[in-house]
Every structure is written in C-alpha cells, then in structure tokens.
Amino acid sequence: MGLAVGAAALVAAGPRAAEGARGHPGPETGAAAAAEPARKRPPVETVTAPVRIADGATVRMLRPGDRVDVIAADGGSGSAQVVAAGARVTRVPDVAVAESGALLLLSVPRATAARLAGAGATSRLAVTLC
C-alpha cells in the first residue's frame, strides 16, 4: 500500500518545467523541435456529394457503407484519373438505371466534393470498390 501511495504522489507531482519530461530531450540539449507542442489540425468537414456514375449496373451493386474510388475517364484522350479515393457510400437512390448512368451519394471532404462536381461536368465517372 505504501508503495502505491508513493507512486501516486510522484505521478501527481510530475516533472518540473525546468527539468522537462524524463526521457525526452529538452531545448537545452539542442532538440527544440521535440519540445514544441504538436500542431492541432482542424477536423475535416465532410459533405454528401451526389455523383452520376456512367455505368448504372455498377451502382446497383453498391451498398451504404461501401468504400469506393471515383475515377474520371476522358473518352477522347483515353486518360483516367482518381478524383476521390476511399469515398464512403452514404446512399444508393432506388432509381431506374438510365442510359446516362445512375446517381450515387458519397460522403467526402468538401474539397473532394468540388473535384467530383468538376470532373462529373467534363468526364464520365466510374467507381471501383476499395
């Protein structure tokens, strides 16, 4: 019992500001970067992005919670690029598949939603399961 009380007292006291934490170099040892606090990043805001996928039959295979990569294909040049990686499917609207593809709702960061909208206006979009 005495040992537990002593250990608790040491933990509560903690290192003094002048000492720095044990086992971690302080500024006095030339490791100023190690003493700097970690920078906090703001959380990424996600939005729901409606995306029209060219192959409607592919969309019918998807379920909410699936992860997909969205690929924009330029038919003229034959080039393709991933415009959204690991996007989460939030909803697969129950709509008849049309010649123009099928709608899919994805949860993505706001910047990715903008890329998807731009790519959807100029390219045919496809998905691959992650």
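Here are a few things to note about the model shown:
- Comparison of LEU116, LEU106 shows that the only residue that is modelled with pLDDT of 95 or more, buried (at least 16 other Cβ atoms within 10 Å of the Cβ) and outside any helix (DSSP H, G or I) is LEU106.
- Some residue of the range 29-49 being at pLDDT 95 or above, surrounded by 14 or more Cβ atoms within 10 Å (Cβ to Cβ) and aliphatic (A, V, I, L, M): yes
- Criterion (under 17 Å from GLY120 (Cα atoms), surrounded by 11 or more Cβ atoms within 10 Å (Cβ to Cβ) and assigned by TED's automatic domain parsing to the domain that holds SER123) met by exactly one of GLY76, GLY56, GLY86: GLY56
- Put simply, of PRO50, PRO37, PRO64 the only residue that is farther than 15 Å from VAL127 by Cβ and either in the same structural domain as GLY118 (by TED's automatic domain parsing) or not polar (S, T, N, Q) (or both) is PRO37.
- The set of residues in the range 119-130 that are among the β-branched types (Val, Ile, Thr) and buried (at least 17 other Cβ atoms within 10 Å of the Cβ) contains only VAL127.
Quick grid of which residues meet (1) part of a loop (DSSP other than H, G, I, E, B); (2) at pLDDT 95 or above:
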{"site": "VAL59", "(1), (2)": "no, no"}
{"site": "ARG63", "(1), (2)": "yes, yes"}
{"site": "ASP69", "(1), (2)": "no, yes"}
{"site": "THR90", "(1), (2)": "no, yes"}
{"site": "VAL95", "(1), (2)": "yes, no"}
{"site": "LEU125", "(1), (2)": "no, yes"}
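- Matching residues, the range 71-88, being outside any loop (DSSP other than H, G, I, E, B) and polar (S, T, N, Q): SER79, GLN81
The values are calculated or read from the model by the stated rules, or taken from the named source; none is laboratory data. Owing to the predicted nature of the structure, the values given are computational and were not obtained by experimental measurement. Ideal geometry is used to build each Cβ from the backbone, glycine not excepted, and the neighbour counts take in all protein chains shown.
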